[in-house]
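Down below is the structure, laid out as C-alpha cells.
The values are calculated or read from the model by the stated rules, or taken from the named source; none is laboratory data. Keep in mind that what you see is a predicted model, and the values were worked out from it rather than measured. Glycine gets a Cβ as well: all are built from the backbone with ideal geometry, and neighbour counts include every protein chain shown. Please note that ligands, DNA and RNA were not included when accessible areas were found on the heavy atoms of the full protein model with its side chains. Shrake-Rupley method; radii C 1.70, N 1.55, O 1.52, S 1.80 Å.
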Amino acid sequence: MNKKTIKDIDVYDKKVLVRVDFNVPVIDGKITDDNRIREALPTINYLLEKGAAVILMSHLGRPEGVDPKYSLKVVAERLRELMPNTEVIMADDVTGKDAKAKAKALKLGQVLLLENLRFDAREEENDKNFCKELSSLAEVYVNDAFGTAHRKHASTYGVAKLLPNAIGFLIEKELNIIVGTINNPKRPFVGILGGAKVKDKIGIIDSLLDTVDTLIIGGGMAYTFLSAMGYKIGESLFDETNVDEAKRLMQKAKDKGVNFLLPIDLVETTAIDNVSDAKLTKDQNIDDGYMGVDIGKKTIKLFTKAIKKAKTVIWNGPVGVFEKKEFAVGTYSIAKALTKVKGTTIIGGGDSASAVINMGLAHKMTHISTGGGASLKLFEGKVLPGVDVIDNL
Ligand code: AMP
C-alpha cells in the first residue's frame, strides 16, 4: 500500500485530528457493543505515545440536527474506562465555541472528543467552511474510520485536503487483510452474499464472478434470481427491475465456470411476524400467500459443503431474517460452517458480523471487518474515497 500511515508522519508536540468510527449500538443509553471503540485504541495510544494531543471526531446514528439522544457523551464515558490513565475531555459542540476553546487549551497526552459530527448538516455535505472549521482545530489529520471510509463527507474526505495527513492502524489493517486476500486468494475461493437488496449488491456479484470459484446467494435477494429462473416466489422480496440483470449474472457465472449456488429449499411463512405459520418447502418454490424467510435444511447442507472445502471465504449479509431466532438457523449455520474452514475467513461487517459475534464465534474467524459498506466496496474492487484522498508515501 502506498498511502502514508501514522508511522510516516511527525506528530510530536502537535494536535492531531483523528476521524474514528464510534458509531456503536446504544440501547437505553448503554453501549451494547464497544468493539469499534476498542479497535480505535491502537491509533489513539500510538499518537499519545509519540507526544501528540489527540482530537477525536465521529458520527453516531442518524440524527437530524442536534439531538441529545445521539450525543457522544456515552462514548466519552466508555473511552475513559478503556483509557484509565488518559484525560478524556468531551466537547459540548462540534466546531462551536466550546470545541474551539477546548481544542485550543488541549495539552499533549490529552484526548478531546468532539460532539456528534452529524449534529451539523454540513458534515454529510462535505461543506467547505465546515472542513475549514474542523481543520483549524488541529495541525495534522488522521483517518482511522474504516466504517465511513467509503463516504465523501467533511470529516472523512474534505478535511484531509487541508492538513498534512495519514491513515491510522485500523484502516491499514482492514485494507491489508481484505484487499490482500481478494487480490491473492487461496483456492477454492467462496463468496457468500445475503441480505435484502439485490440492487445494492449487483456490482459486487458482477466483480466477484471474475475472481471466486463459488458464489453463494442467500437471503432476500435470492428470490429475484429464483424468479428469473422460473420458480414461484409467492410474497417473497422481489426486485422486478433487476430480473434481467439477475439472468445476465447467472449467464456470466456459467460462462466463467463459477459454481453459482442458490437455495434449493426454504423456510416460508405468511408474514415475518407469523412465526407459527412457518414451514419448510420441499424445493425452491414458495407457496402462494407465503414468503421465504430463511434457507432450508437441504440448502444448509449444500452451502456448508461448499464452504468447508474453501481455502478463502468472504461473507456479507444474513441468509434469512436472522433478527427473529426462528429464522436465524440458516445464518447461524453459515457462521458455524465458516469456523471449519482451513484458511482465511473474512466477515464483511454489518449483520453477518453481529451474527458471528452473537454466537461467540468471532475468535474463530480470520477477520471481522468494522465496516459493512466499506468492506463491500473493497470486495467489489473499488477504491475508498477516505483512503484515496490521503497523501501517497
Ligand atoms: P442488507 O442490509 O441488504 O444486508 O439486508 C439485511 C437484512 O436482510 C436483514 O435485516 C435481514 O432481516 C434481511 N433479510 C434476509 N433474508 C431475508 C428474507 N428472506 N426476507 C426478508 N428480509 C430478509
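Of all the residues that make up segment 122-180, how many are of a type in the set (Asp, Glu) and surrounded by 24 or more Cβ atoms within 10 Å (Cβ to Cβ)?
Result for segment 122-180: 3.
Please work out which residue is nearest to ILE182 (Cα to Cα), limiting yourself to segment 302-324 and to residues that are more than 12 Å from the ligand (Cβ to nearest atom) and without any contact (Cβ under 8 Å) to a residue 60 or more places away in the chain.
Taking the candidates together, the pick is LYS308.
Please count how many residues of segment 176-197 are within 16 Å of the ligand (Cβ to nearest atom) and assigned to a loop (DSSP other than H, G, I, E, B). Reasoning before the result, please.
Residues of segment 176-197 within 16 Å of the ligand (Cβ to nearest atom): 191-197.
Next, from what is left, pick out any that are assigned to a loop (DSSP other than H, G, I, E, B): 194-197.
Qualifying residue count, segment 176-197: 4.
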- Item | Per-region count, segment 229-246, residues surrounded by fewer than 19 Cβ atoms within 10 Å (Cβ to Cβ) and part of a helix (DSSP H, G or I) | 5
- Task: Could you run through segment 181-201 and say how many residues are in contact with a strand residue (DSSP E or B) (Cβ under 8 Å, 6 or more places away or on another chain) and open to solvent by 40 Å² or more (accessible area, probe 1.4 Å)?
- Result: 3
- Task: Can you work out which of the residues in segment 266-301 that are within 18 Å of ALA196 (Cα to Cα) and among the charged types (D, E, K, R) is nearest to the ligand (Cβ to nearest atom)?
- Result: ASP294
- Message: Of the residues PRO25, PRO42, only one is modelled with pLDDT of 95 or more, over 18 Å from SER136 (Cα atoms), open to solvent by 40 Å² or more (accessible area, probe 1.4 Å) and within 23 Å of the chain's Cα centre (by Cα); which?
- Response: PRO42
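Can you name every residue in segment 228-245 that is within 13 Å of the ligand (Cβ to nearest atom), closer than 18 Å to ASP265 by Cβ and out of contact with any Lys or Arg (no Cβ under 9 Å at 6 or more places or on another chain)? Don't jump to the end; show me each part of the working.
In the first step, residues of segment 228-245 are kept if they are within 13 Å of the ligand (Cβ to nearest atom); the result is 233-239.
This time we only want the ones that are closer than 18 Å to ASP265 by Cβ, so: 233-237.
Selection gives ILE233, GLY234, GLU235, SER236.
On the basis of being open to solvent by less than 20 Å² (accessible area, probe 1.4 Å), under 25 Å from ALA328 (Cα atoms) and over 29 Å from the mean Cα position of the chain (by Cα), does THR270 make the cut? Explain how you work it out, then say what you get.
Numbers: open to solvent by less than 20 Å² (accessible area, probe 1.4 Å): no; under 25 Å from ALA328 (Cα atoms): yes; over 29 Å from the mean Cα position of the chain (by Cα): yes.
Criteria not met by THR270.
Given segment 1-115, what helices (runs of 4 or more DSSP H) lie entirely inside it while holding 3 or more residues that are over 21 Å from SER155 (Cβ atoms) and not hydroxyl-bearing (Ser, Thr, Tyr)? Full working, then the answer.
Values: elements: 35-49, 73-82, 97-105.
Once the helices (runs of 4 or more DSSP H) in segment 1-115 are filtered for at least 3 residues that are over 21 Å from SER155 (Cβ atoms) and not hydroxyl-bearing (Ser, Thr, Tyr), what remains is 73-82.
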- Verdict on ASP200 being touching a Ser or Thr at 6+ places or on another chain (Cβ under 8 Å), within 16 Å of the ligand (Cβ to nearest atom) and among the acidic types (Asp, Glu): no
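Can you list the strands (runs of 3 or more DSSP E) lying wholly within segment 290-393 that have 2 or more residues being open to solvent by less than 10 Å² (accessible area, probe 1.4 Å) and over 30 Å from ALA154 (Cα atoms)? Break it down stepwise before answering.
Details: elements: 291-295, 312-316, 344-347.
It comes to 291-295, 312-316.
Inspect all residues belonging to segment 51-61 and state whether any of them is open to solvent by 30 Å² or more (accessible area, probe 1.4 Å) and in contact with a Leu (Cβ under 9 Å, 6 or more places away or on another chain). Quick ask: steps written out before the conclusion?
First, pick out the residues of segment 51-61 that are open to solvent by 30 Å² or more (accessible area, probe 1.4 Å): none.
No: zero hits.
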- Restricting the search to segment 342-364, which residues are more than 16 Å from the ligand (Cβ to nearest atom) and touching a Ser or Thr at 6+ places or on another chain (Cβ under 8 Å)? GLY343, THR344, THR345, LEU361, LYS364
